[in-house]
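Enquirer: Before we start, here is the structure in question, set down as structure tokens.
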């Protein structure tokens, strides 16, 4: 049993924590303690980033600790300033983690389970980053994005992911120039990520076959 557990790539924990935050928690959006669950799930994502840290990226540990402190400060002492600090610093941490994973994918000589999982995590983190930035945009300008019925984090994440996946059902849409520009930016970033990373992985896979 322990041997099987040790074979699981450590980045799997990061993948599972992101999936829980993005896909599972929205199902509990009307639960009374949803804010607490969101904070715990978000903290788990941050803690799971430890799984991708190596000797060259130890600085991420300190960034993660500060980010967790900010998110719990926001939970216990919610204010505009604390929200801005927590979400904008989270964007910095997740962006750094995504760059670290991309560098590890590029430097990997073979296509392993770890590489595949980190590729998925990187794409999902782009959606999470976009979601946090959209939250900040809505705090600055509540009419920036036309939402359906609420400004909950699950609603914002839904909009963010249908944007980066270019689905765009039309039920939620950006209104202000800033929100539109941000949507275009992340739509392009997500497609470039998929195109470039897939090309890198396919190239590595073909080299293994030679």
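Read-outs throughout are calculated quantities, based only on the coordinates presented, and are distinct from any laboratory measurement. Since the model is a prediction, treat every value here as computed from it, not as a measurement. Because the Cβ atoms are built from the backbone with ideal geometry, glycine has one as well, and the counts that use them run over all protein chains shown.
Enquirer: With a/c under 1.5 counting as rounded, go ahead and sort the stretch 109-179 into rounded, prolate or oblate using the C-alpha gyration tensor (a ≥ b ≥ c being the square roots of the eigenvalues; past the cut-off, prolate if a/b is larger than b/c, else oblate).
Expert: Values: a/c = 2.92, a/b = 2.43, b/c = 1.20.
Prolate, since a/c reaches 1.5 and a/b exceeds b/c.
Enquirer: Separate question: Could you put 73, 81 in order, starting from the residue whose Cβ has the fewest other Cβ atoms within 10 Å?
Expert: Numbers: 73 16, 81 10.
Least crowded to most crowded, the residues run 81, 73.
Enquirer: Along each of the three principal axes of the Cα atoms of the stretch 1-113, give the extent in whole Å, ordering the values from largest to smallest.
Expert: That works out to 46, 31, 21 Å along the principal axes.
Enquirer: Still on this structure, I have one more. Obtain the nm distance between the two label points defined at residue 73 and residue 148 by a simple spin-label model: each point lies 7 Å from its Cα along the Cα-to-C-beta direction.
Expert: 3.5
Enquirer: Between rounded, prolate and oblate, where does the stretch 73-146 land on the alpha carbon gyration tensor, with a ≥ b ≥ c its root eigenvalues, rounded for a/c under 1.5, else prolate if a/b exceeds b/c? Write out the running numbers ahead of the final one.
Expert: Numbers: a/c = 3.63, a/b = 2.34, b/c = 1.55.
The shape class here is prolate.
Enquirer: Here is a further query. Given the convex hull over the Cα atoms of the stretch 139-183, what projected area results after averaging over all orientations, in nm²? Write down the numbers at each step before the final one.
Expert: Details: hull surface 11.8 nm².
Mean projected area for the stretch 139-183: 3.0 nm², to one decimal.
Enquirer: Rounding to the nearest 10 and keeping the result within 0 to 90°, find how far the Cα-based axis of helix 59-76 lies from the longest principal axis of the chain.
Expert: Between helix and principal axis, roughly 30 degrees.
Enquirer: Angle between the Cα long axis of helix 34-48 and the longest principal axis of the chain, 0 to 90 degrees, nearest 10?
Expert: Taking the Cα atoms of the chain, the angle to 34-48 is about 30 degrees.
Enquirer: So, one more: Quick check: Cα centre of the stretch 22-94 to Cα centre of the stretch 151-177, how many Å?
Expert: 21
Enquirer: If each DSSP helix of 4+ residues adds -39,500 (n - 2.57) and the sum is divided by the residues in the chain, what number results at 222 nm, nearest 500 deg cm²/dmol?
Expert: Details: 8 runs with 149 residues, N = 210.
Roughly -24000 deg cm²/dmol at 222 nm, from the helical runs in the chain.
Enquirer: Across bins of 10 angstrom width beginning at 0, how are the C-alpha pair distances of the chain distributed, in whole percent?
Expert: 8, 32, 36, 18, 5, 1
Enquirer: To test your reading of the geometry: what angle, between 0 and 90 degrees and rounded to tens, separates the Cα axis of helix 153-164 from the longest principal axis of the chain?
Expert: With rounding to tens, the tilt is 60 degrees.
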